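A short reminder: the numbers here are calculations on the coordinates, not readings from a lab. Not measured: the values here are computed from a predicted model. Neighbour counts are summed over all protein chains in view; Cβ atoms, including those assigned to glycine, are modelled from backbone coordinates with ideal geometry.
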Amino acid sequence: MTDAQIIDWLERQSTLHRQVDILYVVDGYQVTLMYDGEPVSGKQWHGASLREAITKAAKCQNPD
């Protein structure tokens, strides 16, 4: 994904009730999709870089 596609995906996920939770962890980043403060699917995506973690989450949500 390009950086522009990543930003577009983040914007689509950020609404009144939905958000993307990004947590820095010791070995990279963890992304969780949230709805009203609760994890949506219980699934979390991990990546060594922020770009990698977000790309994994976005591809799972919008497989091409």
Would you please name the residue that is nearest to S49 (Cα to Cα), looking only at residues in the range 14-29 that are of a type in the set (D, E, K, R) and part of a strand (DSSP E or B)?
-> D21
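Residues are listed down the side, and each one gets a yes or a no for (1) more than 14 Å from A57 (Cβ to Cβ); (2) in contact (Cβ under 8 Å) with a residue 40 or more places away in the chain; (3) surrounded by 12 or more Cβ atoms within 10 Å (Cβ to Cβ); (4) among the basic types (K, R):
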| site | (1), (2), (3), (4) |
| --- | --- |
| A4 | yes, no, no, no |
| V31 | no, no, yes, no |
| D36 | yes, no, no, no |
| S41 | no, no, no, no |
So, first residue surrounded by 13 or more Cβ atoms within 10 Å (Cβ to Cβ) in the range 8-27, second residue in a loop (DSSP other than H, G, I, E, B), Cβ within less than 7 Å, six or more apart or across chains; the pairs are V20/S14
